[in-house]
Amino acid sequence: MQQSILVTGGAGYIGSHTCLELLDAGHNVTVVDNLSNANPASLHRVEELTGRKLNLHKVDLLDPVGLHAVFKEQHFDTVIHFAGLKAVRESTEIPLRYYHNNVTGTLVLLETMKRHHIHRLVFSSSATVYGTPPSLPIRENFPLNPTNPYGRTKLTVEHTLRDLAGAEPEWSIIMLRYFNPAGAHPSGSLGEDPTGTPNNLLPLIMQTAVGQHEKVSVFGGDYRTSDGTGTRDYIHVVDVALGHIAALKTLSETRGCVAYNLGTGKPCTVLDVLKSASRTVGKQIPYEIVKRRAGDVAESYADPTLAASRLQWQATRNLDAMCADAWRWQKTHPNGYTS
Ligand code: NAD
Ligand code: UD1
């Protein structure tokens, strides 16, 4: 069924890829984004690639008046809520800004939705809510124990959503816990455009491949993993975007608030990623093994079977596809959308 969807944070990395899939699936899309970490060019690309138009409102979620005006102008069936700050290290330095933006911003959104009688929501949570898992793979019912302020903002929002759905039965809420989104749209014209030096592995590897950094520092070679480096569940950003399309399809039958892992279920080490990226680029990407990064978990990967059975969704793109698509984007956009 075609829906009218409000996408908060839709100009960002995962949001823009999801807008593309939403338009391709026939939905009408309106984006609210304060553009604090995004370039609106991402949405022009989405329009070019799909041949369809969307609306962008440059509005901050912390501005209830501006947000109300957007809801007044148009009716929405569902809200997909990506808007948030996401840098783990930064969140340890300016925690109040993270809590205010991610938690207060969500509260303003929920109040505005309520005021306009909209009760369907898909929320971007993160695997970071699990912290160090008691065993692997990670299932949705594992203990939630994030180890940094960013993760705690996500968990605070999860608690808020559960409490809201518990108190008001009209809400249908899906919380998607992404593992490690990576890669870019296969067209090469949509990708991740981080401001400043990225902290995440694949963007750093790709920037090193084009000579922006001398080498990649591999954080820790002494973990108890197959090659001593940390493992993660890297998931193609297009698979993540398609997870939202799958969630939308089941939202009308969802009562209350449900969490799903979006991961591949396949752990990859840092050296696996470097090998795949080096093959893609056609040369060895220089790296050096250095000491562990504080706060890193050794291993993290999803049990994605709940999403497979209930959302009829599973990731289909592998690490080589993530590297090939990330490289296509990086080669043509060494400075992101301003290239
Ligand atoms: P991103 O920074 O590219 O996108 C977030 C968007 O939200 C940006 O366009 C930004 O301008 C906007 N924004 C931030 N605060 C806002 C506010 N107060 N009002 C309006 N707009 C605001 O990040 P992303 O990688 O696309 O992540 C999207 C969501 O997924 C985030 O909530 C993030 O925490 C979550 N997530 C991301 C990852 C990841 O590795 N990328 C992993 C797990 C969860
Ligand atoms: C972290 C967060 C995650 C968040 C994501 C996006 C945790 C547990 N996870 O993921 O919730 O969504 O950031 O910001 O807080 N690595 C290197 N060298 C580098 C960079 C990374 O070796 O220069 C290694 C890391 O040690 C890790 C892997 O690469 O093993 C992935 O790191 P990264 O991309 O930063 O993501 P996470 O730390 O898993």
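Readers should treat all values here as calculations from the given coordinates under stated rules, not as data from a laboratory. All of these numbers come straight from a predicted model, not from anything done at the bench. FYI the Cβ positions are ideal-geometry reconstructions off the backbone, even for glycines, and counts take in every protein chain you see.
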| note | Rounded to whole angstrom, the alpha-carbon centroid of region 78-127 lies from that of region 274-339 at a distance of 25 Å
| note | Connecting every pair of Cα atoms under 10 Å apart in the chain and solving the GNM, the largest mean-square fluctuation among Q207, Q312, Q74 falls on Q74
| remark: Summed over the other residues with a beta carbon less than 15 angstrom from that of L251, with K and R at +1 and D and E at -1, the charge totals +1
| field | Rounded to the nearest 20 debye, dipole of the chain from Cβ charges on Lys, Arg, Asp, Glu | value | 300 debye
| task | Report, in cubic angstrom per residue, the convex hull volume of the C-alpha atoms of region 125-257. | result | 154 Å³
| task | Kindly work out what percent of the DSSP beta bridges joining two residues of the chain are antiparallel, to the nearest 5. | result | 5 percent
| query | What relative contact order, as a whole-number percentage, does the chain give when Cα pairs under 8 Å and 6 or more residues apart are counted? | reply | 19 percent
| Once amide H atoms are built 1.01 Å from N in the peptide plane, which residues 5 or more positions from V218, or in another chain, come under 5 Å H to H? | E288, I289, V290
| said: Can you give the FRET efficiency to the nearest 0.05 for S252 and S226, using r as the Cβ-Cβ distance and R₀ = 41 Å? | reply: 0.45
| message | If you scale each eigenvalue of the Cα gyration tensor by 5 and take the root, what three semi-axes come out for the chain, rounded to whole angstrom and sorted largest first? | response | 31, 23, 19
| said: Tell me which GluC sites (Glu not before Pro) from region 147-239 have a DSSP coil assignment and no more than 15 other beta carbons within 10 Å of their own. | reply: E170, E214
| How big is the charge dipole of region 53-201 about its Cα centre, in debye rounded to the nearest 20, if each Lys and Arg gets +1 on its Cβ and each Asp and Glu gets -1 on its Cβ? | 120 debye
| Rg (Å, one decimal) plus Dmax (Å, integer) for the alpha carbons of region 1-115? | 14.1, 44
| Considering only the other residues whose Cβ falls under 12 Å of the Cβ of L202, what net charge follows from Lys and Arg at +1 and Asp and Glu at -1? | -2
| Over 31 Å between Cα atoms, which of K114/K266; K154/K331; K58/K291; K58/K114; K72/K331; K58/K266 qualify? | K114/K266; K154/K331; K58/K291; K72/K331; K58/K266
| Taking the Cα centre of region 207-338 as the origin, how large is its charge dipole in debye, to the nearest 20, when only Lys and Arg (+1) and Asp and Glu (-1) carry charge on their Cβ atoms? | 180 debye
| note | region 123-272: antiparallel bridges as % of DSSP beta bridges, rounded to 5, reads 10 percent
